[in-house]
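The values are calculated or read from the model by the stated rules, or taken from the named source; none is laboratory data. Note that the structure is predicted; figures quoted are calculated from it, not measured. Please note: Cβ atoms are built from the backbone with ideal geometry, for glycine as well, and neighbour counts cover all protein chains shown. With ligands, DNA and RNA removed, areas are computed over all heavy atoms of the protein, side chains included. Shrake-Rupley method; radii C 1.70, N 1.55, O 1.52, S 1.80 Å.
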Amino acid sequence: MKKLLLILVAFGMTVGANAGFKAGYYDKMNGKSGAALKAAAKECVQKHNTLGYYELPNYWQYSDVYPQLVNGNKRWWDMYSDAVYLIQRGQSGKSSFSANKMQREHSVPKSWWKQNGSVEYTPAYSDMWNLYPSDGAANQAKLNYPLGYTASTSFNNGVTKVGAARTGYGGGSRNVFEPDDEYKGDFARAYMYVATVYDDINWVINYMYNKEAYPTLVPWAKEMLLQWCRMDPVDQKEIDRNNVVEQYQGNRNPFVDFPELAEYIWGTRTTETFYVKDQEGSDPTPPITGDPEITAPVNGEALDFGQVAIGANETRVLQIVGKNLTSSLSVLVSGAGKSNFISSVRDIPAATINQNQGYLMSITYNPSAIGKHEAKVTLYDGGIEGSIAVTLKGECLERPVFTSLTALQPIEMTDSTYTACWNPVGSGETADYYILTRVRYVDGNEETETYETGETSYKLSGREPGVAESYYVQYSRLGMTSEPSNSIYVAAGAGINDLQENMPVRIFVVDGGIQLSVEGVVNPITVYDINGMEILHIDTPEDGSFYPLPQGIYVVSSENMKPLKAVIL
């Protein structure tokens, strides 16, 4: 477990938990307290690179893995389960993620914010300080529930607990997600970061946040997160992750660098003035005591970018590990295909490699023509003898032509699960993977989750009585994504008999309206809006009939069927 493997950092320390931030990075926080300190912290860390959501596993393979190898392979550090998920040799972060059926999990659920129907409008959608690699079953179980203490559990894998909220927790949600004690502080500091950087986001679900500059956290959530920070202090896992995330995303989590900061903003020290002090007691630059060397990468190894569509690009990371360098390490890209590969740097300061546990150098494959390309990146100088060369490989293909998928009716339905199904891509087409989007309609809000799979079906859990759902599917090829398929509506509380045997008429939500599936003669159907006003009356429902409806939420009713909710997107 984390607390047994890593060195704890005392919560009450008054200097930063890590000497990794640059001089002056947090200076705007000096001399402030309470609301002003929170605003200054936002100003310090808000600006950052917006990373691609589907590319995150390629970054996580450096920020979210255990320091110990398992049979020579990296192991994903999953804060949602104790499952052993490995990155096998030759796998990229994305390919390992897919092979292990892991999922990208928003710590603060993305369904809590929305603007003009989109959850992707804000950098919070792919912010590494809010997303973590997750076990698939745990991710589905926690859905979009707030953090909290559980009174009883419907899911418990030994690390993640999901269940009814203990009195005083949940902010109105029936259920909560309770992480293991060893990770409560990690999640609390992630939530505090979001409360600081995204205090003006368009929150549509207010279990834990309000759209206000201060305090942003609702009272019960503020007190619980402070408690979790105190009981689970910053540890080496978070310190190391802070440094890696900054290399990619360009910003840090101030609640990791300053474990006491939360107290100055929300806790017991809001009337006191905060100062960013020098890193007292931090280690000086270590002396060079041996020969300069680079231990990774190994001379002659290859970095394969796979297949990329013309006009697109793919970024990979070359991890450089060394010690005792006496001067900057030079970087040179050469070879026949060198124009297709772009290195993020031309030289790396010796101190950057000597004082850190490796440097992550980004290389982008940006092909200009169809075909296979090859080049090499050479590392030299720095006092090392000779040089180290790594082969760069990539293949550029024509842009894919997408066709629409067809989502099918669910199978294997129970009160809490069902399996979503769809047709595969057409003959002669290729799908790198399918993307299933699940939409749950809870208290007038839409809660969405996405799942990736290489199959044409996916079992969904966490279905709740009284909560209607729908799903649609897309497929990805060469980093691009097809248009959404038709939507399949799953009625609230309906079992397999309700959908396929006892109902003479079924309602399907399709683009811009509803479509009927009718067996035999049925009674007239009436469609109402959410205010109870009649919108549409169908005297003689016919099989296959389509009825356009404007965007909104409707109730479809007839004497011989259960009332159903239809949501037109």
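Among residues other than Glu43 whose Cβ falls under 14 Å from its Cβ, what is the net charge (Lys/Arg +1, Asp/Glu -1)?
Numbers: positive: Lys28, Lys32, Lys38, Lys42, Lys47, Arg252; negative: Asp27, Asp199, Asp200.
Within the 14 Å Cβ shell, the charges total +3.
Could you work out the pair-distance distribution P(r) of segment 298-376 from its alpha-carbon pairs, with 5 angstrom bin width and percents rounded to whole numbers?
Answer for segment 298-376: a P(r) of 3, 14, 24, 23, 15, 11, 6, 3, 1 percent.
Less than 11 Å from a label point 7 Å out along the Cα-to-Cβ axis of Ile310: which backbone N atoms in segment 335-374 qualify, by residue?
What the label zone holds, given the 11 Å backbone N cut-off, is 368-371.
Accessible area per residue for segment 139-291 in Å², computed with a 1.4 Å probe and the full protein assembly in place, what is it? Working shown, then result.
Details: 5600 Å² over 153 residues.
In whole numbers, segment 139-291 has 37 Å² accessible per residue.
Return the percentage of antiparallel bridges among DSSP beta bridges fully within the chain, rounded to the nearest 5 %.
Values: 104 of 111 bridges.
Bridges in the chain that DSSP calls antiparallel: roughly 95 percent.
Can you give the net charge of the other residues whose Cβ lies under 15 Å from the Cβ of Gly148, counting K and R as +1 and D and E as -1? Provide the component values of the computation, followed by the final result.
On the way: positive: Lys142, Lys161, Arg166, Arg174, Lys184, Lys222; negative: Glu178, Asp180, Asp181, Glu223.
Net charge in that neighbourhood comes out at +2.
For Lys393, Lys38, give me the order by solvent-accessible area with a 1.4 Å probe, most accessible first, ignoring ligands, DNA and RNA.
Numbers: Lys393 85, Lys38 0 Å².
The most accessible residue leads, giving Lys393, Lys38.
In this model, which of Lys237/Lys277; Lys22/Lys393; Lys22/Lys42; Lys42/Lys184; Lys74/Lys222 are farther than 25 Å apart at the alpha-carbon? The partial results should precede the final answer.
Values: Lys237/Lys277 23 Å; Lys22/Lys393 35 Å; Lys22/Lys42 17 Å; Lys42/Lys184 23 Å; Lys74/Lys222 36 Å.
Lys22/Lys393; Lys74/Lys222, as the Cα separations exceed 25 Å there.
Just to be sure I understand the model, the point goes 7 Å from the Cα along the line to the Cβ. What's the resulting Ala23 to Glu55 distance in nm?
Here the answer is 3.2 nm between the modelled labels.
Provide the FRET efficiency to the nearest 0.05 for the Asn523-Asp82 pair, computing r from the beta carbons and using R0 = 41 Å. Don't skip to the answer; put the middle values down first.
Details: r = 54 Å, r/R0 = 1.31.
With a Förster radius of 41 Å, E is 0.15.
How big is segment 398-487 by Rg and Dmax over its Cα atoms, in Å?
Radius of gyration, then largest Cα-Cα span, for segment 398-487: 13.8, 47 Å.
Points 7 angstrom from Cα along the Cβ direction at Asn445 and Val555: gap in nanometres?
Each label point is offset 7 Å from its Cα along the Cβ direction, giving 2.2 nm.
Quick one: which of 550-556, 157-163 comes out on top by average Cβ neighbours within 10 Å, and what's the full order, highest first? Each step should come with its number before you reach the end.
On the way: 550-556: 15.3, 157-163: 18.9.
Answer by packing, highest mean first, reads 157-163, 550-556.
Using a 1.4 angstrom probe on heavy atoms only, work out the carbon and sulfur share of the accessible area of segment 220-264 in %.
Values: 450 of 950 Å².
Taking all protein chains in place, segment 220-264 shows 47 percent carbon and sulfur surface.
For Tyr380 paired with Lys211, estimate the spin-label separation in nm (one decimal), with each label point 7 Å from Cα along the Cα-to-Cβ line.
Reported label-point gap for Tyr380 and Lys211 is 5.8 nm.
I need the peptides 314-326, 290-302, 511-523 ranked by packing, meaning the mean over residues of other C-beta atoms within 10 angstrom, with the highest value on top.
Numbers: 314-326: 18.5, 290-302: 13.0, 511-523: 14.9.
Result, highest mean Cβ count within 10 Å first: 314-326, 511-523, 290-302.
Whole Å is fine, so just give me how far the alpha carbon centre of segment 102-171 lies from that of segment 390-423.
If you average the Cα positions of each part, the centres end up 24 Å apart.
Might you tell me the accessible area per residue for segment 336-430, computed with a 1.4 Å probe and given in Å²? Mind dumping the intermediate values first?
On the way: 4910 Å² over 95 residues.
Accessible area per residue: 52 Å².
May I ask you to give the percent of accessible area on segment 347-403 that is carbon plus sulfur, with a probe radius of 1.4 Å?
Numbers: 1240 of 2820 Å².
Carbon and sulfur together cover 44 percent of it.
Counting only C-alpha contacts under 8 Å and six or more residues apart, can you give the relative contact order of segment 356-406 as a whole percent? Could the numbers behind the result be given before it?
Values: 45 pairs, mean separation 17.4, N = 51.
34 percent.
In a shell of Cβ-Cβ distance under 11 Å around Leu217, excluding Leu217 itself, what net charge do Lys and Arg (+1) and Asp and Glu (-1) give? Before the final figure, lay out each step's value.
Numbers: positive: Lys38, Lys222; negative: Asp199, Glu212, Glu223.
Net charge around Leu217: -1.
Candidates (i) 46, 32, 19; (ii) 47, 35, 21; (iii) 38, 30, 22; which is the computed semi-axes √(5λ) of the Cα gyration tensor in Å?
Looking at semi-axes √(5λ) of the Cα gyration tensor in Å for this model, the match is (i).
Using helices alone, I'd like the mean residue ellipticity at 222 nm for the chain: each DSSP H run of four-plus residues gives -39500 (n - 2.57), total over residue count, nearest 500.
Numbers: 12 runs with 101 residues, N = 569.
It comes out at -5000 deg cm²/dmol, rounded to the nearest 500.
Ranking request for peptides 107-114, 484-491, 339-346: highest mean number of other beta-carbon atoms within 10 Å first, then the rest in descending order.
On the way: 107-114: 22.2, 484-491: 20.6, 339-346: 16.6.
Packing proxy ranking, top to bottom: 107-114, 484-491, 339-346.
Among the GluC sites (Glu not before Pro) in segment 394-427, which ones are in a DSSP loop with at most 15 other Cβ atoms within 10 Å of the Cβ? Mind listing them? Provide the component values of the computation, followed by the final result.
Numbers: sites: Glu395, Glu398, Glu412; in loops: Glu398, Glu412.
Those satisfying the criteria are Glu398, Glu412.
Can you give me the % of accessible surface on segment 84-160 that is carbon or sulfur? Probe 1.4 Å, all protein chains present, nothing else counted. Write out the running numbers ahead of the final one.
Values: 1150 of 2530 Å².
Ligands and nucleic acids excluded, carbon and sulfur reach 45 percent.
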